[in-house]
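Structure, as structure tokens:
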Amino acid sequence: MTSSTLAHTRPPFYRDTRTIAILLQVLFLIVVLVSGWFLYNNMVTRMAAGNTAAGGALSWSFLSQTAGFGISEGPTFRPEESYSRAYLIGVINTLRVGIVGVILATILGLFAGIARVSNNWLLNKLASIYIEIFRSTPLLVQLLFWYVGVIAALPTVQDAADLAGIGYLTNRGMYLTWIYPSETGRALTWWLLGGVLVGLLVSWLRRRQLERTGVPGSGALAGAAAFVVVVGVGYAVAMFTTAMPATTNYELRRGDRGVLFEDLNGNNAFDLNVDRGLAHVPITLFDADGQVIATGATDGDGAFRFVDLPAAATRIEWRTPAPLAISEPQRQGFNFAGGISLTPEFTALLLALVAYTGAFIAEIVRAGINAVNKGQWEASRALGLSTGDTLRMVVLPQALRVIIPPLTSQYLNLVKNSSLAIAVGYPDLFNISRTIVNQTGAEVQGILLVMATYLSFSLITSLFMNWYNKRVALVER
Amino acid sequence: MATDVHSPSWVNTNHPAPPQRPPASEVGVLGWLRTNLFIDIGNSILTIVTLIVLYYIVTNLVQWAIGAYWTPIWVNRKIFAVGLYPTAQLWQPALVLLMVSALFGVSAGQWGSMIRGLGFGLGVLLLALALIPIGLEAQLVMAGSLALLVVGYFIGARLPIPNKLLSIAWILSLPATLILLLGGLNFPAWGISWTFAPLVDTNLWGGLMLTMLLAVVGIALSFPIGVLLALGRRGNLPVIKYFCVGYIELIRGVPLITLLFMGMTMLPLFLPSNWGNPSQLVRAVTAITFFSAAYLAENVRGGLQAIPKGQYEAAEALGLGSFDKLRFIILPQALTKVIPAIVGQFIGLFKDTSLVSLVGLLELVAVGKAVIQQPEWLGVPGGVAKEVYVFVAFVFFIFSYGMSFVSRKLENKLGFGKR
Amino acid sequence: MAGHAEDFDIIIAKNVNKWYGEFHALKNVSLDVKRREVVVVIGPSGSGKSTFIRTINRLEEHQSGEIVVDGIPLTHDVRNIEAIRMETGMVFQQFNLFPHLTVIQNITLAPINVRKMKKREAEERAMQLLERVGIPEQAQKYPGQLSGGQQQRVAIARALAMQPKIMLFDEPTSALDPEMIREVLEVMEELAESGMTMVVVTHEMGFARGVADRIVFMDAGEIVEIGTPEHFFTTPQHDRTKLFLEQILK
């Protein structure tokens, strides 16, 4: 036998390394497809047999149907709007609690994490007790504790605890003084957005200029200044150029409540889906004798409401408001009006998410700081930097690179964990999806919708983080 | 003798000098206080502020704890432990506890390290429960379990029991537990029906027992799936690889609660009509298993990545086939490396099982909710929610913190944490 | 060996080419190794010498050319690859012992599971091999408890336990502290004397001069020169070889 003839014999395909791999994958694909088909087939059979509620067929048409239920908080939603809009409100509510939660949890976690590496024994131990307790108990228990145990036990609206003038704390939620853009400040949002863009551009230009001239420093200050200038100009423009719409009209209902609106169709009556309410406009109420009986302001929808007034108002007057209006919460019967109100559900969910995630972030921060070489501390001490400066200017920037990846996954966890909202009735996307599913029976579609939404959060975040990581890595070089 | 700094040459004739005590401000209580609490002005202010905050928290907590109304918890201790499990058949869970304690004891003696730490924790818990007057029978079971744990430990430490035997015993303990709790086996669809006691419906299982069971069964069932997913993801077959990546990222991208609801409502749909509907417990376990598998896969992948390429090459050069290579060389090393991560995942899963209370299973949190709603406590001013949830949190804390404490201690000792 | 003629070339490599992406790592490498021959491959780092011996037992796949080991062509046939790997033992630069197994388990693993040898028999043979490499007392230890030299000797014993006809050495002493190199080289010398066919990639010129039957010099993925040690060290032909020897023997 000679080698040359043997070398050219082709092995049978099941022994050929090149075909084995393909064979395995084809086999795997077949198994997956067959089991997928089996499951799908069962599902279709069972659905046809009527094991599910009506509308079980895999159709998405239910999304445009009328929802017929109200949503307790978030952007205004009326029951006659569609399921898809209801779901959108849920998404916004998830993002609302998610974004605020992420910011607060980061602050809490940063402080607790720094306390955990502090050489002050007492502070260190206190932080460690906080971390261990909140990490080692389920988030759901914490949430229920805050909601049922703490917030429900707060004073009633009548005995509301006064938060040093910035708001009130009650078992119906938290009421805080807040700043809103008023009717004349509507354009401010665009100015703000423009300010951010101009600020970013200026800070980038400034940094490039600094780099070219070799001066150390960042463009942050220049950017911030540009932002302030743009927003300031916007404010002045809004203040001096915007007037109330010419067709401003009002409608009084029962004398003590009503709505101030821009009469777009000119019929002198407020039509819900046509006319536009005028937000945060100061108004004065007069009775038939021309006596002032009350002053106040409209709310974000242009509506106003006075309680404990004789229903005697016949006429109102309004003034052109400043672009920004400060709205203070005021007691109205069994509730508060004005300001910003945080429902018990939102507050409990936020508290629970922040306290829980904060504990995990603290551990990440601690690990990140510990990952920075001891020599860095010693070197900056030797240069005469204080502990605080060392932490801020030397250690944290380096720790950041270790901290960012696990921090991102904590942020995502926080958003995912906000789905526990269903335990306290906060209308987040998952909670609303359950309401929709219960009403329509669109079980499969509901689950798919929710999963797709959460997955897109993850995807967007990881895309952003990849971009950010690349930037951080570039700085390193 | 002082150094004569001005002379050009000088010899220390007193050498070697005897060591002297450091100044009082550096050692003892005073020294400790100085270096740890009052090293500079900023630190002192921090200490004082912390003290004030601490005083406020502690006095409030103590006041609350003294004034709190703990009766609902004491009265409902059985429900907190096992849910609605029939009282007459409590010997079945008792047997499970005895079996697990004995296994723990033997394994602690045989394997030491982490199992010994966990076994010690279990012993302390059993001792505490045996001493608290929770009921004579229950106390006897606890004492018996403790005895088995200790005896088992000495047997395990003295007698050479093959690792394989012990591992098989652990694996078999899982179905044994389920059969013991059920009171037999009953699959009418397949014509299997064998009982040694009246069958206990899984909807009656509850409390800490159910919480434990969900976590243990979840991690045990997800283990093989997770390992396969990790291998698939690490492998070089693109179709399988992307399937595994897709599965892992999909599951990790969505909250557990969506999977639980999906399991509850959609799992029955996926089965052939003649199989009937699986019980709530089975649905929850399925959801938890598929959830946990994705996270386990990522942990195992971490272990696989830590194995140098040379190990694969050496195995190949020796002529080991793909399967033998994984079985003898790669997996044993990868899995040992990820034990701490898997313990961490188990702790997470243990906490996450609380979510099944939202889909109608009577685990610890659901028991708590039910207790709060009991009409007896309606008259209690302020309700009993705080007390109940603090207790539930406490139970979770003992187990989670206990496990992470043991794991961390060992991680430091064995240098697992080092990369 | 039965079935094969004694003068048969046990390794035949003909026009072997390998690319890593665009990089041409092996360029038409051809080499025949006779039974009982000791071939030492030398060359600067990156010359492809490690890649070449790793293609012989398919740790690296070559893209063109022929390799035949002990009459078995190295094709994509799984059976052929398995057979070749059973005929060849390999010793790595980084030892690559299995850290979770004891020394004796390291050595007996493959004989028991690949050669289907009885455990008792495999252990007896393992002890003989450990005695041959001079560390029978370390049998129950874990690799982490041994010195580098001892580990490499265990690695040699592990490879020998499969009763290979060919031993491949991939820079076996490069990761060792100087005082341990000697003990490993002695084992290798003994092995060569016993008549084992060996292909050794190394930088140990003393070993090459003393033990090799032929020396192969590789550079930039090509074989530049082949010769007996005497010929090679005293009258190198190619300029590249001369330059290399000058640098290394300075």
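The values are calculated or read from the model by the stated rules, or taken from the named source; none is laboratory data. Since the structure is predicted, the reported quantities are computational estimates derived from the model, not experimental observations. Cβ coordinates were reconstructed from backbone atoms using ideal geometry, including for glycine residues, and neighbour counts include every protein chain displayed. Side chains are part of the model used for accessible areas, which takes the heavy atoms of the whole protein and leaves out ligands, DNA and RNA. Shrake-Rupley method; radii C 1.70, N 1.55, O 1.52, S 1.80 Å.
Taking every alpha-carbon pair within the range B:290-373, the share separated by more than 23 Å comes to 45 percent. As a calculated quantity, the FRET efficiency between A:Leu39 and A:Asn370 at R0 = 60 Å, using C-beta atoms, amounts to about 0.80.
Dimensions of the range A:116-161 based on its C-alpha atoms, expressed as ranges along the principal axes with the largest first, amount to 46, 25, 9 Å. All other residues whose Cβ lies under 15 angstrom from that of A:Asp16 are scored, Lys and Arg at +1 and Asp and Glu at -1, for a net of +2. Once backbone amide H atoms are built at 1.01 Å from N, A:Ala325 has A:Tyr180, A:Ser182 as its partners under 5 Å, excluding neighbours fewer than 5 places away on the same chain. Each semi-axis of the equivalent ellipsoid for the range A:367-444 is √(5λ) with λ an eigenvalue of the Cα gyration tensor; in descending order they amount to 48, 11, 7 Å. Take each peptide in A:340-353, C:222-235, B:213-226, count the other Cβ atoms within 10 Å of every residue, and average; sorted highest first, the result is A:340-353, B:213-226, C:222-235. Angle of helix B:364-373 to the longest C-alpha principal axis of chain B, folded into 0 to 90 degrees and rounded to 10: 80°.
Using only the C-alpha atoms, the convex hull of the range C:102-250 corresponds to 124 Å³ per residue. Annotation: the range C:1-81 has a Kirkwood hydrodynamic radius of 13.4 angstrom, from the mean reciprocal C-alpha pair distance. Nearest 10 degrees, 0 to 90: what angle lies between the long axis of helix A:188-213 and the longest principal axis of chain A (Cα atoms)? Result, in degrees: 50. Only DSSP H runs of four or more residues enter the estimate; each adds -39500 (n - 2.57), and after division by the residues of chain B the mean residue ellipticity at 222 nm equals -22500 deg cm²/dmol.
Taken over the range A:149-206, the ratio of Cα radius of gyration to 2.2 N^0.38 Å equals 1.89. Of the trypsin sites (Lys or Arg not before Pro) found in the range A:219-288, those that fall in a DSSP loop while having at most 11 other beta-carbon atoms within 10 Å are A:Arg254. Any chance you could give the angle, 0 to 90 degrees and rounded to 10, that helix B:136-158 forms with the longest Cα principal axis of chain B? Taking Cα atoms only, the helix is inclined about 70 degrees. Pair-distance distribution P(r) for the range A:304-393, from all Cα-Cα distances in 10 Å bins starting at 0: 11, 20, 18, 15, 16, 11, 7, 2 percent.
Among the residues of B:390-401, the average count of other protein chain beta-carbon atoms within 10 Å of the residue beta-carbon is 4. Less than 10 Å Cβ to Cβ from B:Ala294, Lys/Arg counted +1 and Asp/Glu -1: what total charge do the surrounding residues give? That works out to -1.
FRET efficiency for the pair A:Asn171 and B:Leu250, taken as 1/(1 + (r/R0)^6) with r the Cβ-Cβ distance and R0 = 60 Å, rounds to 0.90. Derived scalar couplings between HN and Hα for the range B:234-241 equal 7, x, 10, 9, x, 4, 5, 4 Hz in order, rounded to whole Hz, by the Karplus curve 6.51 cos²θ - 1.76 cosθ + 1.60 (θ = phi - 60°), x for Gly and Pro. A Förster radius of 51 Å combined with the Cβ-Cβ distance from A:Arg78 to C:His76 puts the calculated FRET efficiency at roughly 0.15.
Counting only protein heavy atoms and using a 1.4 Å probe, the accessible area of B:Val390 comes to about 50 Å². Modelled spin-label separation between A:Thr284 and B:Trp170, with each label point placed 7 Å from Cα along the Cα-to-Cβ direction: 8.2 nm. Across peptide B:248-261, the average count of Cβ atoms from other chains found within 10 Å of a residue's Cβ is 6. Summarising the overall dimensions of chain B from its C-alpha atoms, the Rg and Dmax are 28.1, 106 angstrom. Panel values: the protein assembly as shown, Kirkwood radius from alpha carbon pairs, Stokes-Einstein at 10 °C and 1.306 mPa s, translational diffusion coefficient 43 µm²/s. Per-residue 3J(HN,Hα) values for the range A:385-398, derived from phi via the Karplus relation 6.51 cos²θ - 1.76 cosθ + 1.60 with θ = phi - 60°, read 6, 6, 4, x, 5, 4, 4, 6, 9, 10, 7, 4, x, 6 Hz in sequence order (x marks Gly and Pro). Of the listed residues B:Ser193, A:Ser327, the order by accessible area with a 1.4 Å probe, largest first, is B:Ser193, A:Ser327. The mean of 1/r over all distinct Cα pairs in chain A, once inverted, gives the Kirkwood hydrodynamic radius of 28.0 Å. In the frame of its principal axes, the range A:213-342 has Cα extents of 73, 36, 29 Å, reported largest first. For the residue pairs C:Lys34/C:Lys116; B:Lys325/C:Lys18; A:Lys125/A:Lys416; B:Lys164/C:Lys119, the C-alpha atoms sit more than 22 angstrom apart in C:Lys34/C:Lys116; B:Lys325/C:Lys18; A:Lys125/A:Lys416.
Of B:Lys386, B:Lys325, the residue with the largest accessible area leads and the full order is B:Lys386, B:Lys325 (1.4 Å probe). Computed on protein heavy atoms with a 1.4 Å probe, the accessible areas place B:Tyr247, B:Tyr55 in the order B:Tyr55, B:Tyr247, largest first. Per residue of chain A, the DSSP helices (runs of n ≥ 4 H) give a summed -39500 (n - 2.57) that works out to -17500 deg cm²/dmol at 222 nm. Each principal axis of the range B:208-261 carries a Cα extent, and these read 43, 22, 11 Å when sorted largest first. Using the Kirkwood radius over Cα pairs, work out the Stokes-Einstein diffusion coefficient for chain C at 10 °C and 1.306 mPa s, in µm²/s as a whole number. This corresponds to a translational diffusion coefficient of 85 µm²/s. With a 10 Å cut-off around each Cβ of A:431-442, the average count of Cβ atoms from other chains is 1.
Across all directions, the average flat footprint of the convex hull enclosing the Cα atoms of the range C:53-96 is 3.3 nm².
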